[in-house]
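Trainee: Quick one: the structure is below, and I'll ask about it shortly.
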Amino acid sequence: MTVGIKDVARVAEVSPATVSRVLSGRSVDPAMHERVLAAVKSTGYRPNLAARRLRSQHTNTIGLIVADIRNPFFTAVSRAIESLATARGMRVILCNTDEDPAKEAGYLELMHEERVTGVIFAPCRQWVEKAERLEPGFPVVLIDRSLPSAGLDTVLLDNETMAAELVAHLHAQGHRRVAGLFGAASSTGIERRAGFEQAARKFGMEAVTVEMPHAAEAAARTVRELLCGPVRPDALVASNGVMLLTVLRALRDLDLAVPGDIALAGFDNNDWMEFVGDGLSVIEQPVEEIGRTAMTMLLDRLDHPEAPARKVVLAGRLITRGSSGPRARANQPIGA
């Protein structure tokens, strides 16, 4: 359980205000000072740096660090966050990491330098894997990515369930050989891959998963290699809207029609997707709700710094269009 100032005060037999004065370096009776320090050590209390900053030197600025600003998902979430922050008289610093741990570390350092009030953050996999050993020094709410433990406030999509729903839909359309494309640098990709694989096993489908690099040309090359293999899948599942666009370009280059030669489905319901052929079948994420929830959770954290961390998991919506329909032509290798 998290140890708070009240716990330290009870052990030291002083008031919480006295504990706060000691921890902030203000003068108190020497005997009380020693009792508080002894209680801090015995209870294992760790001062909440973010709460201290709020009382003394916060800037009323929110840091927003996203993984890929090209992805309209992050654009829409950012807009919802910025709108609510502005209504509360707060400013937003927006940073884009391109799933690069080095850029991510640099922007987190910037947040310290700017003395931000808090950060809303979509971290890469490397940060997630070491997060429990880190002390960010300000309140953090994670979006679109989750931690194995509930140490930070988090809001995200029910990724496994939504990926499984896509696979079930493709199976119902008669597709039996399916390939899933998932981000190599994202914990979200891991969760969606897990749901994809579980559903494929449930329905007895032949499934392959591919880790997609973040760089655009490398991703396009990976898709072309998959499609030019000895046995082409019946259907593809792409784990975000940027990947869907990459897949469509590869299909165009190889003169493959959707769904005549291969079916296609994925995540994110971007405006252009309904105008591609008979439209793309996708999982629509509640992007505005994710943004509003993240900002509300951060504001709640600022008001209640000692409260337990929360994890909010939201449902998406399957939108079926023509891209996931039955194949019109027999499956065969490219050039056959």
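The values are calculated or read from the model by the stated rules, or taken from the named source; none is laboratory data. Computed from a prediction, not measured in an experiment: that's the story for all the values here. Every residue, glycine as well, gets a Cβ built from its backbone with ideal geometry; the counts of neighbours run over all protein chains shown. Keep in mind that these areas ignore ligands, DNA and RNA; they rest on the heavy atoms of the full protein, side chains included. Shrake-Rupley method; radii C 1.70, N 1.55, O 1.52, S 1.80 Å.
Trainee: Within segment 23-46, track down each residue that is at pLDDT below 75 and in a helix (DSSP H, G or I).
Mentor: L23
Trainee: For segment 263-291, how many residues meet the condition of being closer than 14 Å to G325 by Cβ and open to solvent by 10 Å² or more (accessible area, probe 1.4 Å)?
Mentor: Selection size over segment 263-291: 3.
Trainee: Of all residues in segment 95-110 being hydrophobic (A, V, I, L, M, F, W, C) and surrounded by 15 or more Cβ atoms within 10 Å (Cβ to Cβ), which is nearest to M212 (Cα to Cα)? Steps first, answer last, please.
Mentor: Taking segment 95-110 as the starting set, the residues that turn out to be hydrophobic (A, V, I, L, M, F, W, C) are 95, 102, 105, 108, 110.
When the remaining residues are screened for being surrounded by 15 or more Cβ atoms within 10 Å (Cβ to Cβ), the result is 95, 108.
Values: C95: 23, L108: 26 Å.
So the residue we want is C95.
Trainee: Also: Look through E165, E217, E197, E225 and report the one residue that is over 14 Å from the mean Cα position of the chain (by Cα) and at pLDDT below 90. Walk me through how you get there before you give the answer.
Mentor: Details: E165 fails: at pLDDT below 90; E197 fails: at pLDDT below 90; E225 fails: at pLDDT below 90.
Checking each option against the conditions leaves just E217.
Trainee: Which ones in segment 193-214 are under 17 Å from E99 (Cα atoms) and open to solvent by 60 Å² or more (accessible area, probe 1.4 Å)?
Mentor: Here is the first cut: in segment 193-214, the ones under 17 Å from E99 (Cα atoms) are 211-214.
Within segment 193-214, E211, H214 meet the criteria.
Trainee: Another question, if that's okay. Regarding segment 92-104, can at least one residue be identified that is among the aliphatic types (A, V, I, L, M) and out of contact with any helix residue (DSSP H, G or I) (no Cβ under 7 Å at 6 or more places or on another chain)?
Mentor: Taking segment 92-104 first, the residues among the aliphatic types (A, V, I, L, M) are 92-94, 102.
Keeping just the survivors that are out of contact with any helix residue (DSSP H, G or I) (no Cβ under 7 Å at 6 or more places or on another chain) gives 93, 102.
Checked segment 92-104: at least one residue is among the aliphatic types (A, V, I, L, M) and out of contact with any helix residue (DSSP H, G or I) (no Cβ under 7 Å at 6 or more places or on another chain).
Trainee: Filter segment 243-257 for residues that are more than 20 Å from E165 (Cα to Cα) and either open to solvent by 30 Å² or more (accessible area, probe 1.4 Å) or not in a loop (DSSP other than H, G, I, E, B) (or both) and give the result.
Mentor: If we filter segment 243-257 for residues that are more than 20 Å from E165 (Cα to Cα), which is where we start, we get 245-257.
If the condition is that a residue be more than 20 Å from E165 (Cα to Cα) and either open to solvent by 30 Å² or more (accessible area, probe 1.4 Å) or not in a loop (DSSP other than H, G, I, E, B) (or both), then L245, T246, V247, L248, R249, A250, L251, R252, D253, L254, D255, A257 are the ones that fit.
Trainee: Show the residue pairs meeting these rules: Cβ distance below 8 Å; 6+ apart or different chains; first residue within segment 274-300 and within 30 Å of L236 (Cα to Cα); second residue open to solvent by 60 Å² or more (accessible area, probe 1.4 Å) and in a strand (DSSP E or B).
Mentor: Here the result reads I283/R317; E284/R317; P286/R317, each pair linking segment 274-300 to a residue that is open to solvent by 60 Å² or more (accessible area, probe 1.4 Å) and in a strand (DSSP E or B).
Trainee: Another question, then. Pairs, please: C-beta under 7 Å, at least 6 apart or cross-chain, first residue more than 18 Å from G291 (Cα to Cα) and in contact (Cβ under 8 Å) with a residue 40 or more places away in the chain and in segment 79-104, second open to solvent by less than 30 Å² (accessible area, probe 1.4 Å) and not hydroxyl-bearing (S, T, Y)?
Mentor: Going by the 7 Å Cβ cut-off, the qualifying pairs are D98/D68; E99/A67; E99/D68; E99/C124; E99/A185.
Trainee: If I go through segment 162-190 residue by residue, how many of them are open to solvent by 40 Å² or more (accessible area, probe 1.4 Å) and outside any strand (DSSP E or B)? Lay out the reasoning, then the answer.
Mentor: Taking segment 162-190 as the starting set, the residues that turn out to be open to solvent by 40 Å² or more (accessible area, probe 1.4 Å) are 165, 171-174, 176-177, 190.
Filter once more, keeping what is outside any strand (DSSP E or B): 165, 171-174, 176, 190.
Adding up the residues that qualify gives 7.
Trainee: Run R232 past the list (1) in a loop (DSSP other than H, G, I, E, B); (2) open to solvent by 60 Å² or more (accessible area, probe 1.4 Å); (3) of a type outside the set (G, A, S) and report the number of the one that doesn't hold.
Mentor: If we test R232 against (1) in a loop (DSSP other than H, G, I, E, B); (2) open to solvent by 60 Å² or more (accessible area, probe 1.4 Å); (3) of a type outside the set (G, A, S), just (2) comes out false.
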